[in-house]
Amino acid sequence: MKFVYIENLRNFVNEEVELRGWLYNKRESGSVKFIILRDGTGFVQCILSKTDVPVEIFERNIPYESSIVVRGIVREDKRAPGGYEVLVKDIKVITESENYPIPKVREDNIPDVDVLMPMRHLWIRSKKQWAILRIRSEVEQAIHDFFYNRGFIRTDAPILTPASVEGTTTLFEIDYFGKPAYLSQSGQLYVEATMMSFSKVYCFGPTFRAEKSKTRKHLSEFWMVEPEVAYAELEDVMDLAEELVEYIVERVLERKMEELKILERDIKELESVKKPFYRITYEQAIEKLMKKGFNIKYGDDFGADEEKGIVEEYDKPVSIMFYPKEIKPFYMKIDYIDKTKVRNFDMLVPYVGEIIGGSQREEDIETLISRIREENLPMELYIWYLETRKYGGVPHSGFGLGVERTVLWITKAQHIRETIPFPRLLEKIYP
RNA sequence: GCCUCGGUAGCUCAAUGGUAGAGCGGCGGGCUGUUAACCCGUAGGCUGCAGGUUCGAGUCCUGCCCGAGGCGCCA
């Protein structure tokens, strides 16, 4: 008896196999019963015919989400969802799960999030969540492959940190052997240091923001990939960012088509995500918005409506470059020509807004010191950072890409909480 | 922090101030190819909490609690 996964069933047509999984759904019609089995790799219809299985197996009523082991013969059949099905010979129930709390229901009867969220540990078994999280896995793997293939070294940054990276945002404070410490809001300062050892680096890990944000695209804990490249100027990492995004989408289209179909995602929109993307300046963005009737002036940052107003002008991701230095953090490099601007970019996509923020970094130690003073940051905590400039500082650039926002964009999930297995949201930390 | 909407059966929702209902799910029965199956039957309720108005409140009023959506902050 061969134990196989559903994703490989096509290779075992007319053979007897064993499947191990959970009862996802069922229907019955007199002497024929249909069971939808899921095993993590896919879903398959299993047929119980009264004449083919022992009567005690046929008559046993197995509740939803019971764990079961099914033996049967693989058949190709057009009537089966997915084209393959299993004629059951035997079913073994491992654990019977009575009264599964999430109803198997119709679309007009899907429980509200306040019902589903406390059951996130069970909700992730449902088909859409399964599809979204499989795509998340593919996105993460694509990121690693992309950088690995380009010779980047993965150097992860610490999660416990003595100070804020940017100084302004609210951090989660913890007790570190009697002294205050903070959960990292970005690994950037640390990859700037490891870059001086390895030239091309990235970190990949969780980041934490204690802001009281309550929107479709904010989490208190989210994952970010942050590459940093020595001797790279702004335009170099913009190329890198666009190639990364193009690659991620390509990989999902190549390997996760079934999941995109479950989510009813418009494939054409994703297929058009090919370089070159669009690049505009901050000033061009302001002008465009003013022409469209937005109440905005030079020097303002873009809110949710403004981001949407810009993104809807384009059929691909668009990057906005050269923001006024006042609305950006201290480490960004002042532009060569216009000293009021920084050499940065934000990449925006439809439905989500910003998925990438990046910049060329300030390498001049004196400029950095005065910027740190201007921002009233604790200089003593940045000594090590300044030393990366003191000893062989070079021009360099990097960016951060938000994993969940990228998954949100690709899957068009209803809310960012569906793009991570166990989301941490404003004041919500269960389960 | 601000604005808006909501809370009635396990879930999704109805119910002019006048006997609390339906669909789905559960349970029982029927159907030999179902596709979010279908048909028959059945159980299931402190209408978020506390006051008030009224002959009578799910419905009107006041306060509170909880939730959702959006904005802001931010990535």
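What percentages, rounded to whole numbers, describe P(r) for chain A computed over all alpha carbon pairs with 10 Å bin width beginning at zero?
Bin by bin from 0 Å, the calculated values are 4, 18, 25, 22, 14, 10, 5, 1, 0.
How do A:HIS218, A:HIS121, A:HIS415 rank by accessible surface area computed with a 1.4 Å probe, from largest to smallest?
Descending order: A:HIS121, A:HIS218, A:HIS415.
Eigenvalues of the Cα gyration tensor times 5, then square-rooted: what semi-axes does that give for segment A:2-95, in whole angstrom, largest first?
Value: 18, 15, 12 Å, ordered largest first.
Could you tell me the calculated FRET efficiency between A:SER31 and A:GLU254, based on Cβ-Cβ distance and R0 = 35 angstrom, to the nearest 0.05?
E between A:SER31 and A:GLU254, to the nearest 0.05, is 0.25.
How about segment A:193-228: which GluC sites (Glu not before Pro) there are in a DSSP loop, with at most 13 other Cβ atoms within 10 Å of their Cβ?
Those that pass, being in a loop and sparsely packed, are A:GLU211.
Report the label-to-label distance for A:ASP338 and A:TRP384 in nanometres (one decimal), using points 7 Å from each Cα along the Cα→Cβ vector.
3.7 nm
What accessible area, in Å² to the nearest ten, does a 1.4 Å probe give for A:GLU56?
Counting only protein heavy atoms, the figure is 120 Å².
Limiting things to C-alpha atoms, what are the Rg and the maximum Cα-Cα separation (Dmax) for segment A:169-307, in angstroms?
19.3, 55
Measure off 7 Å from each Cα along the Cα-to-Cβ vector at A:LEU425 and A:LEU122, then give the distance between these two points in nanometres to one decimal.
Once both label points are built, they end up 1.9 nm from each other.
For A:TYR247, A:TYR5, A:TYR385, what's the largest-to-smallest order of accessible area, 1.4 Å probe?
Solvent-accessible surface, decreasing: A:TYR5, A:TYR247, A:TYR385.
Please report the relative contact order for segment A:126-205, taking Cα pairs under 8 Å with a sequence separation of at least 6, and give it as a percent rounded to a whole number.
This gives 34 percent for segment A:126-205.
What do you get for GluC sites (Glu not before Pro) in segment A:260-303 restricted to DSSP loop and a cutoff of at most 15 other Cβ within 10 Å of the site's Cβ?
Those that pass, being in a loop and sparsely packed, are A:GLU264.
Does segment A:43-146 classify as rounded, prolate or oblate by the C-alpha gyration tensor (a ≥ b ≥ c root eigenvalues; a/c under 1.5 gives rounded; else a/b over b/c gives prolate, otherwise oblate)?
Oblate, since a/c reaches 1.5 and b/c is not below a/b.
Counting pairs of alpha carbon atoms under 8 Å apart in space and at least six apart in sequence, what relative contact order in percent does segment A:122-419 give?
About 21 percent, as a whole number.
How do the peptides A:346-352, A:176-182, A:294-300, A:38-44 rank, highest first, by the average count of neighbouring beta carbon atoms within 10 Å per residue?
Per-residue mean Cβ counts within 10 Å order the peptides as A:346-352, A:38-44, A:294-300, A:176-182.
Can you say what percent of the DSSP beta bridges in segment A:127-244, counting only those with both residues inside, are antiparallel? Round to 5.
Here the antiparallel bridges make up roughly 90 percent for segment A:127-244.
Full-extension gain between A:VAL394 and A:GLU18, please, as 0.36 nm times their residue separation minus the C-alpha to C-alpha distance.
The A:VAL394-A:GLU18 span can extend by a further 129.4 nm.
Ignoring everything except DSSP H segments at least 4 long, calculate the 222 nm mean residue ellipticity for chain A; use -39,500 (n - 2.57) per segment, divide by total residues, nearest 500.
Helices in chain A give a 222 nm mean residue ellipticity of -8500 deg cm²/dmol.
If you take the square roots of the eigenvalues of the alpha-carbon gyration tensor of segment A:283-374 and sort them as a ≥ b ≥ c, do you get rounded (a/c under 1.5), prolate (a/b over b/c) or oblate?
It is prolate, given that a/c is not under 1.5 and a/b is the larger ratio.
If the chain between A:GLU96 and A:GLN284 were fully stretched, how many nm would it gain, using 0.36 nm times the residue separation less the Cα-Cα distance?
61.5 nm
The values are calculated or read from the model by the stated rules, or taken from the named source; none is laboratory data. All values reported here derive from a predicted model rather than from experimental measurement. Cβ sites come from the backbone with ideal geometry, for glycine too, and all protein chains shown count toward neighbours. Note: areas computed on protein heavy atoms with side chains; ligands, DNA, RNA excluded. Shrake-Rupley method; radii C 1.70, N 1.55, O 1.52, S 1.80 Å.
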